[in-house]
Amino acid sequence: MSEIKDSIKTYLKYIVVGVFLMIIIISFGMPDTISRCGGPSSSIAIVNGEKISYNDFQTYWDFNFPQIKNDKDNKAASFVLDRYISDIMVIQKATSSGFKVTEERIARNIKNLPYLKNEAGLFDPEKLKGLLRHMNMDLTNFSKFLVKNITRSDYLFFMLMGEASSKEDALTKNIIDNSIIQIEYSFLSLEDMKKRYKNELVVTDEDIDNEINNSDVKVSDPDTDRERIKKQLEDKKLDKIKNDIINKINSASSTGASFAYVNSILNGKTGRSAKFKIGEYAKTDEKESKEIFMSKSSKEIFTDKCLALKTGATSPAIIENSGIYIFSPLIKIIPSNVPNEDTLNRALVSNNKESSGAIGNSVLKDKRENSKIIKNLKTD
């Protein structure tokens, strides 16, 4: 049972992180943080000895309540500050309960953000620098910001899932036993790619001569060196074709395109998985089944995307040494006591929604009575 619980925790927490990090990307288009309260660099509040800076408060306001504008009497600022203090107390409660977010987890999820990747599908540090500049943050403060928000989200999520309940074992078993998932997938192997685009991979003697002349390539043995250069040029051409396909797939996937449309780009060999449960990897639907996604990175992308994708929508390109995969959920049956997408979003994102508010109030009931809070917000 412990292994099953760990499996579902891992599977569903990927969704939590994915939803939260998507907030960051959406917020990337917002204006830079501005001073609303005219406060100094000192703390705007102190909660159980923890100082809350004006900058942290303003960042929290921009990300969580962008629709609320400042008013002359500072009523809006007072409202947002109360919500922020409540969140700080939830984070303090979560931390004291043992909830932790590792540096490795923060780094891994930042690097996996599709909006921070280049055209080749690799993490682009320059895009991260641009995001940090826009947010007026350095990497250290950005990481601290993520740690706080993910800690709060994790804690409320597990409260919502009944993790703190004495019924947690029965809940977990029910989720596992009654979930049914099936995907359809398409795979284009590198070998098939080479055959399909063989005319575009042709390297002529002129191409080799140009490479030698333009790149100052030293040729000691004309026969073996020219063959080596030819192979290198073929690989470059193949990489360009592969990256073009990947970029087109990822662009279509980001708009929620159908499997049929995205597969018209990949044009790979299609198949369906056997039905499986939450926490299991997809396997081929055949007598001697085998896992469809083999590499660690492919499994992580599959785990991250499978429950988050709507039925019929298609994943971004999953790249393995042997070729390129895409997949789409055909069947996704989750027990009713697992939050659906809307409920999950409300619990994680909207601080003023009833579900999250009810959980937060329950968590904070005893915490407030024993907390020491000092507010430094000045009103006109």
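Go through the stretch 35-153 and tell me which helices (runs of 4 or more DSSP H), entirely inside it, have 1 or more residues that are in contact with a strand residue (DSSP E or B) (Cβ under 7 Å, 6 or more places away or on another chain).
On the way: elements: 54-64, 75-96, 103-111, 125-135.
Of the helices (runs of 4 or more DSSP H) lying wholly inside the stretch 35-153, those with at least 1 residues that are in contact with a strand residue (DSSP E or B) (Cβ under 7 Å, 6 or more places away or on another chain) span 54-64, 75-96, 103-111.
Results for (1) more than 26 Å from ASP244 (Cα to Cα); (2) of a type in the set (A, V, I, L, M), shown as yes or no for each residue.
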site: LEU266; (1), (2): no, yes
site: SER273; (1), (2): yes, no
site: TYR281; (1), (2): yes, no
site: SER295; (1), (2): no, no
site: CYS306; (1), (2): no, no
site: LYS310; (1), (2): no, no
site: ALA313; (1), (2): no, yes
site: ILE318; (1), (2): no, yes
site: PRO335; (1), (2): yes, no
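When you look at SER42, is it surrounded by fewer than 17 Cβ atoms within 10 Å (Cβ to Cβ), at pLDDT 50 or above and of a type in the set (S, T, N, Q), yes or no?
Numbers: surrounded by fewer than 17 Cβ atoms within 10 Å (Cβ to Cβ): yes; at pLDDT 50 or above: yes; of a type in the set (S, T, N, Q): yes.
For SER42, the condition - surrounded by fewer than 17 Cβ atoms within 10 Å (Cβ to Cβ), at pLDDT 50 or above and of a type in the set (S, T, N, Q) - is met.
Of all residues in the stretch 176-229 being at pLDDT 85 or above and among the small types (Gly, Ala, Ser), which is farthest from ASN267 (Cα to Cα)?
Across the stretch 176-229, the extreme among qualifying residues is SER179.
Taking the conditions exactly as written (surrounded by fewer than 14 Cβ atoms within 10 Å (Cβ to Cβ) and modelled with pLDDT of 80 or more), does VAL147 satisfy them or not?
Criteria not met by VAL147.
Restricting attention to the stretch 77-94, and to residues there that are in contact (Cβ under 8 Å) with a residue 40 or more places away in the chain and in contact with a Phe, Trp or Tyr (Cβ under 9 Å, 6 or more places away or on another chain), which single residue is farthest from ALA45 (Cα to Cα)?
Applying the filter and picking the extreme gives ALA94.
In the stretch 281-320, which residues are closer than 19 Å to LEU190 by Cα and surrounded by 15 or more Cβ atoms within 10 Å (Cβ to Cβ)?
ILE292, PHE293, SER298, PRO316, ALA317, ILE318, ILE319, GLU320
Please work out which residue is modelled with the highest pLDDT, limiting yourself to the stretch 94-120 and to residues that are surrounded by 18 or more Cβ atoms within 10 Å (Cβ to Cβ) and of a type outside the set (A, V, I, L, M).
ASN112
Can you name every one of the helices (runs of 4 or more DSSP H) wholly within the stretch 283-380 that holds 2 or more residues which are at pLDDT below 55? Before the answer, list the steps.
Working: elements: 296-306, 341-348, 354-369.
By residue number, 341-348, 354-369.
The values are calculated or read from the model by the stated rules, or taken from the named source; none is laboratory data. On a predicted model such as this, the values are computed, not experimentally measured, just so you know. Note that we place each Cβ from the backbone using ideal geometry, even for glycine, and neighbour counts take in every protein chain shown.
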